[in-house]
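Readers should treat all values here as calculations from the given coordinates under stated rules, not as data from a laboratory. Note that the structure is predicted; figures quoted are calculated from it, not measured. Methodologically, a virtual Cβ is constructed for each residue, glycine included, from the backbone with ideal geometry; neighbour enumeration extends over all protein chains shown.
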Amino acid sequence: MNRVLQFVGPNGAVQLFGVKLVGVNAANGKKPLFTFAFIALVWLVAWVIGALANLALRKRSQRIAFWTQQGVHLFSVVLLGIGLCSIWFEDPARLATAFGLVTAGLAFALQRVVTALAAYLVILRGKTFNVGDRIVMGGVRGDVMELGFIQTTIMEMGQPPPVQGDDPAMWVRARQYTGRIVTISNDKIFETPVYNYTRDFPFIWEELQIPISYQSNVQRAEEVVLAAAQKSTSTFSEIGDEALAELERRYFVQRSNFEPKVFMRLTDNWIELSVRFVTSDHGTREVKNSLSREILGRFNKAGIGIASGTYEIVGMPPISVRLDNSKEN
């Protein structure tokens, strides 16, 4: 062992297999050992605290458990930074110089990483979105599954028919999961808008268009559509007085806006009835399916037909046909 590892000279320089290691002596050789031990200890403590918090809080609220995990991770990173600086730098002046050089190098070489980390702090501080929120970020629509220091993980959803052709291409024609998990850099919040379906108010306004012919009883059709919407969709009484009061305080909306309404538009081919209603941010497709079936059933009972893009020929010019049966000799 003495031939493999030796301490030579007045400063106790480390000599390995007869080769003298420059800058490594008995004093600073202990620092890597302390570093590895300190990292292992912090990681073990963070893992134990995170596991206990996850076990205790997940049954109560997944969001509380997630943010507890985020707090543990942030505390671990800060503790590691302070501990490593304390181990390797004894002189504060040298620490400030090294910190300045490292910061300048990282800012130049890892611009996107630094920006993504800054975006993570902005997301936390600004409450841009939360785990479980339904958002559109970087052109991806879906539910937030995980929020990391650098990236956000989203369970992707399909696109409604009006935006079916948007990039990336979708094969699911509704706001339902596609099965793809998409990872997006956090720095996208500085480049593109973030659309949040669930922040502050877990309901959205939706519309459904129903075309009817000009020969139909328009007043009766409007009554049928409105009655079906009131039966199949959410009303302001289901939203809750507290949520409504908070929404009115923040955005100055009136409670009458939550009642289903029917609007009419005249086109070249038919009368278009648009029913506007409030529904939950999740399960919109089921609500629209139920509403469509309810409207169709009530229309059939009332003798009201759905207009379509077919064409009716109302007149043709007279056609004359002559048959010449004479035979040529």
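Structural remarks
- Calculated FRET value between residue 40 and residue 276, using beta carbons and R₀ = 51 Å, to 0.05: 0.30
- Listed peptides 258-268, 201-211 by packing density, highest first (mean Cβ within 10 Å): 201-211, 258-268
- Residue 301-residue 263 FRET efficiency (beta carbon distance; Förster radius 30 Å; 0.05 resolution): 0.80
- Amide H contacts of residue 178 (H built 1.01 Å from N, in plane; Pro and chain starts excluded): 156, 157, 158 sit under 5 Å, all sequence-distant by 5 or more or on other chains.
- Between the beta carbons of residue 122 and residue 319, assuming R0 = 56 Å, the FRET efficiency works out to 0.15 to the nearest 0.05.
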